[in-house]
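No value in this document is a laboratory result; all are computed from the given coordinates. Owing to the predicted nature of the structure, the values given are computational and were not obtained by experimental measurement. Cβ atoms come from the backbone with ideal geometry, glycine included; neighbour counts cover every protein chain shown.
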């Protein structure tokens, strides 16, 4: 089985769990669930059935791959995988509001179509359903102690996500953000969920704590590399592939790592700081900012950090190789390589 085969095998399991969770309990509340279903790509803007982009589903597949690698049956972990994906999408629903984003996955964001209060409430509903998903593990025969351990890790992840998002928003108004501050932020905003996904899969499989920790370290390093790539794509990515406005991170004055490296540059930094301390950017400001980032060699520095994170992820996988199911372990290696080659 290669990674494409694994996604083909696992995605229907995850989708079935998510659809069961998002089935409206009655007609009166149906609209609440339809907003969630729109965000997930199941409905169009008129709330009719659709097959719109759904996202990469990396986190739930990562959970199932780690469960298999740790010796478990990945089918039994499908409820937890669904919960992880719902938590991720809860965060996106709220992020779109907090970041004032008009598009997500090449479509209007939920809040622009249905209003901010309704979309925010839909995100809250999705957050609750993500937790309820873990309780469905009992129906798959997972022992109670494993469910409790997985839920504890899940709740810790929820808190870390909000900490990371707080720091991300706070950085928008600060010019004294350091690369160390940045790495602390992405450890919560992006890394926490990608770290939890394989760890939870391993816990459900019954892995020992030190083995589960190695899977967590793999996911955390993968998450760091993933976010660093997002920072590169948010400035230099192709809008047709990313689904976001070109140079969107510059226009929002986001303190991504390329910007922080340029702000720390001895000659570029003062010039860039004056721009970031000034009025809101327009499209006319983007070429000048890009030129300063290029002068500071910011993209190359971030790419070097991607490589460091990749090396850490590979080292964590090496720790569990001897006891892991070979085919599933190889798919975790393949997933890491596939994420590094992405363009959106």
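Among 38, 218, 261, 276, the ranking by other beta carbons within 10 Å of each residue's beta carbon, starting with the fewest, stands as 276, 261, 38, 218. Using just its DSSP H runs of length 4 or more, each adding -39500 (n - 2.57), the chain gives a mean residue ellipticity at 222 nm of -22500 deg cm²/dmol after division by all residues. The convex hull around the C-alpha trace of region 198-344, projected and averaged over every direction, spans 10.2 square nanometres. Residues within the reach of a label modelled at residue 184 (point 7 angstrom out along Cα to beta-carbon, backbone nitrogen below 20 Å), restricted to region 122-165, are 156-165. Percent of Cα pairs in the chain per distance bin of 20 Å, from zero to the largest separation: 30, 57, 13, 0. For the chain, the relative contact order is 19 percent, taking Cα pairs closer than 8 Å that sit 6 or more residues apart in sequence and dividing their mean separation by the residue count.
Panel order for 17, 34, by other beta carbons found within 10 Å of each beta carbon, from fewest to most: 34, 17.
Annotation: extensible slack from residue 273 through residue 304 equals 8.8 nm (criterion: 0.36 nm per residue apart, minus Cα-Cα distance).
Based on the Cβ-Cβ distance from residue 106 to residue 145, what FRET efficiency comes out when R0 is 51 Å, to the nearest 0.05?
With R0 = 51 Å, the Cβ-Cβ based efficiency is 0.75.
Per the Cα gyration tensor, region 41-168 maps to an equivalent ellipsoid with semi-axes of 28, 17, 13 Å, ordered largest to smallest.
Compute the label zone of residue 297 within region 208-237: residues whose backbone N is under 11 Å from the point 7 Å along Cα-to-Cβ. Zone members listed by number: none at all. When only alpha carbons are used to place a centre, region 98-127 and region 240-309 end up 27 Å from one another. Footprinting exposure proxy ranking of 15, 156, 85, fewest other C-beta atoms within 10 angstrom first, gives 156, 15, 85. Mean-square fluctuations from a GNM of the chain, with a 10 angstrom spring cutoff on Cα atoms, peak among 256, 209, 91 at 209.
Of all the C-alpha pairs in region 31-111, what % are more than 17 Å from each other? Present the calculation step by step, with values, prior to reporting the outcome.
Values: 1694 of 3240 pairs.
Cα-Cα pairs of region 31-111 separated by over 17 Å account for 52 percent.
Each label point was placed 7 Å from the Cα along the Cα-to-Cβ direction; for residue 322 and residue 286 their separation is 5.2 nm.
Each Cα pair under 8 Å and six or more residues apart adds its separation to the average, and for region 211-304 the resulting relative contact order is 28 percent.
How long is the gain from residue 44 to residue 337 if the chain were fully straight, where each residue apart is worth 0.36 nm and the alpha carbon distance is subtracted? Walk me through the numbers before you get to the answer.
On the way: separation 293, 0.36 × 293 = 105.48 nm, distance 3.31 nm.
Extra length from residue 44 to residue 337 when fully extended: 102.2 nm.
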